[in-house]
Amino acid sequence: MALADRAQQTGPAGTDDTSPEASRKASLGEYVRAYVALSKPRVIELLLITTIPVMFVAAGGVPPLWTAVATLLFGTMSAASANAMNCYIDRDIDREMRRTRQRPGAMQLVTPRGALVYGLVLSIGSTVGFALLVNWLAAALSAFAILFYIFVYTMLLKRRTAQNVVWGGIAGCMPVLIGWVAVTGSLAWAPFVLFLVVFFWTPPHTWALAMRYREDYAAANVPMLPVVATDRRVLLECVLYSWATVAVSLIFWPVAGTTVVYGGVALALGVLLLVQAHRMYNRSRAGVTGAKLKTMGFFHLTNAYLALLFVAVTVDPIIAGLIT
């Protein structure tokens, strides 16, 4: 795995920059930071937020420490591998977008070969680690998530259809199943319900952000829904997917046999999410456009919604154990 030589970078005029700063070799710290950035740690954090709570539900309380540590370790490696190979494949369009042009691949801080090898090593390591130290079903689900994210979302859907994040989001739902399987060794209805919560949550979350960066996606020829549809159409779909998210989150209450604590939190968070989704849609119907639609506010709300909902998923079995 190689870090791009700074001597290969060009100056403002497009000529080789031969200054001492440009020609010096990267330090170890710069190597580490570049590869960490290639892994998209903020995305990994979001995936772990959905993995840990499911393990608590599956265990009916605090899961076995070693199982939890191994699952988080190999889950992090799995997500990092998919993210690194996504950066390898998308390095051309990443250069065209303000939101992504600072990524190591786009800035040539990491060579394409380095990014690919890094991703492959992590994918093999995570799959083998799950198989040997957790169980084979968790390993199979992890491998499926990596392959789906790379071949189905990144290579097939992302540049071809406005439904890219709808079906591509399946990869981001897999940590829910992996967390459950790591503890129980099998699947059940409860994790599939939470799988659907993340599945329906992903489109409005992503489209709200994409509306802020619509011009970026258009410049990169990525047909995100906000690029090919009107604001009103996008926000109507955000409303519909938000309703589906809230409905499925409430279905988890009887399916998993949670207490009124989870039910109350899910209901309160759902009302807040729906109120804000409808407000955005009503603004668009009134002719409001641009930043005044407050889509970034909704984007941040969706982050808080998912995090708090899964905190409730984590805490509920502990409370249930104390009650009984």
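The values are calculated or read from the model by the stated rules, or taken from the named source; none is laboratory data. Quick caveat, the model's predicted, so the values are computed rather than measured. Cβ coordinates were reconstructed from backbone atoms using ideal geometry, including for glycine residues, and neighbour counts include every protein chain displayed. Surface areas here come from the heavy atoms of the whole protein model, side chains and all, with no ligands, DNA or RNA. Shrake-Rupley method; radii C 1.70, N 1.55, O 1.52, S 1.80 Å.
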Per residue and in Å³, how big is the convex hull formed by the alpha-carbon atoms of region 168-324? 104
Those helices of the chain passing the 24 Å axial Cα length cut-off and the mean Kyte-Doolittle cut-off of -0.5 (DSSP H runs only) are 41-59, 65-89, 112-133, 189-212, 231-256, 260-285, 295-323
As a check on your grasp of the helix formula, calculate [θ] at 222 nm for the chain: sum -39500 (n - 2.57) over DSSP H runs of n ≥ 4, divide by the residue count, round to the nearest 500. -23500 deg cm²/dmol
For region 77-108 and region 112-181, what is the separation of their Cα centres, given in Å? 16
For a distance above 13 Å, tell me the whole-number percent of Cα pairs in region 31-87 that qualify. 61
Below 8 Å between Cα atoms, with a sequence gap of 6+, how large is the relative contact order for the chain in percent? 18
When the charge dipole of the chain is computed with +1 on Lys and Arg Cβ and -1 on Asp and Glu Cβ about the Cα centre, the Cα farthest towards its positive end, among 112, 205, 249, belongs to 205
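May I ask you to work out the translational diffusion coefficient for the chain at 10 °C, viscosity 1.306 mPa s, via Stokes-Einstein with Rh from the Kirkwood sum over Cα pairs, reported in whole µm²/s? The partial results should precede the final answer.
Values: Rh = 21.0 Å.
Once the numbers are plugged in, D ends up at 76 µm²/s.
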At R0 = 45 Å, FRET efficiency that the Cβ-Cβ distance of residue 62 and residue 214 yields, to 0.05: 0.50
Just grab the label-to-label distance for residue 132 and residue 161, each label 7 Å out from Cα along the Cβ direction, in nm (one decimal). 3.9
Identify, among 315, 157, 134, the residue whose Cα sits farthest towards the positive end of the charge dipole of the chain, taking +1 on the Cβ of Lys and Arg and -1 on the Cβ of Asp and Glu, with the dipole about the Cα centre. 157
With springs connecting C-alpha atoms under 10 Å apart, model the chain as a Gaussian network and identify which of 197, 222, 36 has the largest mean-square fluctuation. 36
Note: residue 36 to residue 73 extended length (0.36 nm per residue) minus current alpha-carbon separation gives 11.9 nm
Once the dipole of the chain is set up from charges on Cβ (+1 Lys and Arg, -1 Asp and Glu), the residue from the list 258, 296, 181 lying farthest towards its positive end is 296
I need the P(r) histogram for region 154-244: all alpha carbon pairs, bin width 10 Å from 0 out to the longest distance, whole percents. 17, 42, 26, 13, 2
So, with a 1.4 angstrom probe, what is the percent of accessible area on region 241-324 that is carbon and sulfur? 72
Accessible area in square angstrom per residue, the chain, 1.4 angstrom probe: 46
Would you please calculate the Kirkwood hydrodynamic radius of region 99-224 over all C-alpha pairs and express it in Å, rounded to one decimal? 16.3
Could you rank the peptides 206-212, 29-35 by their average count of other C-beta atoms within 10 Å per residue, with the highest value first? 206-212, 29-35
